[in-house]
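K.L.:
Pasting in a structure now, in structure tokens, and then I'll have a few things to ask.
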Amino acid sequence: ADRIGSDTLPSAPGLYLPLGDERRKIGVLAVLPGNARRVLLPEQRRLLETFAGQIGVAVEREKLAAAAEAASLTVERESLRNTLLASISHDLRTPLAVMAGAGSTLAEKGATLDDATRISLARSIESKALEMSELVTNVLDLMSFESGQVPLRLDWQSLEDLAAAAVHRLEERLARHRIDLQPLSDVPPVFADASLIVKVLVNLF
């Protein structure tokens, strides 16, 4: 930094100062002086070197902060994924156990069971298979969301209609529960993907 130009570009019109230290150079500060002689004075050069050092520290701090934030997000995302997958795996065990039990009963005692019992066991297998299908769909959706491959079909939606659609999809499963949907007519419409919001509500219910 004791002359204009650089080792690789000796005729360049600027003064080039490294950003960072000897261990880690993160950039170059280029100064295009109006007065070349003045910028080469020792006190001016020291001042420029101080500026370059401070800029280097600021850039390095920003890079470290960005890296720390990215690492934190990665850890949080991994933790959430593991929690969701553990929850879904746990939820799969119940319908699998019901299906295995019903299937075993049908296979071993089907000939001795009355029609109503056989139909009930078959319906339970069907119902639990649908439950498992929904859980697997949730896993696939999770993978799609993480890869950013889910196209959103956004439009203005009524929350009241979305909630009613979710309840309707769970009509059979919620038959033994009291459902009390409070009027949402005073809530303004939301700009959202109707199918995804209904799916969220179905999962919550």
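Bear in mind that the values in this text are calculations on the coordinates, not laboratory data. Keep in mind the model is a prediction, meaning the values are calculated, not measured. Every residue, glycine among them, receives a Cβ derived from its backbone with ideal geometry; neighbour counts consider all protein chains shown.
K.L.:
Which whole-Hz couplings ³J(HN,Hα) result when phi for each residue of segment 85-96 is put into the Karplus expression 6.51 cos²θ - 1.76 cosθ + 1.60, θ = phi - 60°, listed in order with x for Gly and Pro?
P.N.:
5, 5, 5, 5, 4, 5, 5, 6, 5, 5, x, 5
K.L.:
Right, next: Taking segment 157-194, which GluC sites (Glu not before Pro) meet the DSSP loop condition and have no more than 13 other C-beta atoms within 10 Å?
P.N.:
Working: sites: Glu160, Glu171, Glu172; in loops: Glu171, Glu172.
Answer by residue number: Glu171, Glu172.
K.L.:
Counting only trypsin sites (Lys or Arg not before Pro) that sit in a DSSP loop (anything but H, G, I, E, B) with at most 13 other Cβ atoms within 10 Å, what is the longest stretch of the chain containing none of them? Before the final figure, lay out the partial values.
P.N.:
Values: sites that count: Arg3, Arg23, Arg24, Arg153, Arg173, Arg176, Arg178.
In the chain, the maximal stretch lacking such sites is 25-152.
K.L.:
Next question, about the same structure. So which lysines pass the test for Lys109, namely a Cα distance under 24 Å, with those fewer than 8 places away in the same chain ruled out?
P.N.:
Within the straight-line cut-off, Lys109 pairs with Lys128.
K.L.:
Build a GNM of the chain with springs between Cα atoms under 10 Å: which of Ser127, Ser185, Ser79 gets the top mean-square fluctuation?
P.N.:
Residue with maximal mean-square fluctuation among Ser127, Ser185, Ser79: Ser185.
K.L.:
Taking a cut-off of 22 Å between Cα atoms, list the lysines near Lys25, but don't count ones fewer than 8 places away on the same chain.
P.N.:
Lys63
K.L.:
How much mean residue ellipticity at 222 nm does the chain get from its helices, if each DSSP H run of length 4 or more adds -39500 (n - 2.57) and you divide by all residues, to the nearest 500 deg cm²/dmol? Walk me through the numbers on the way to the answer.
P.N.:
Values: 5 runs with 127 residues, N = 205.
Calculated mean residue ellipticity at 222 nm is -22000 deg cm²/dmol.
K.L.:
The list (1) 26, 24, 14; (2) 34, 18, 15; (3) 69, 23, 13 gives values of semi-axes √(5λ) of the Cα gyration tensor in Å, and only one came from this structure; which label was calculated from it?
P.N.:
(3)
K.L.:
Separate question: Taking H as built 1.01 Å from N, whose amide H comes closer than 5 Å to the amide H of Leu29, not counting residues under 5 places away?
P.N.:
Those qualifying (amide H under 5 Å, at least 5 residues apart or on another chain) are Leu17, Leu19.
K.L.:
Which ³J(HN,Hα) values in Hz, rounded to whole numbers, follow from the phi angles of segment 62-67 under the Karplus curve 6.51 cos²θ - 1.76 cosθ + 1.60, where θ = phi - 60° and Gly and Pro get x?
P.N.:
5, 5, 5, 5, 5, 5
K.L.:
Using a Gaussian network model of the chain with C-alpha springs under 10 Å, which one of Leu92, Leu41, Leu130 is most mobile by mean-square fluctuation?
P.N.:
The residue that fluctuates most here is Leu41.
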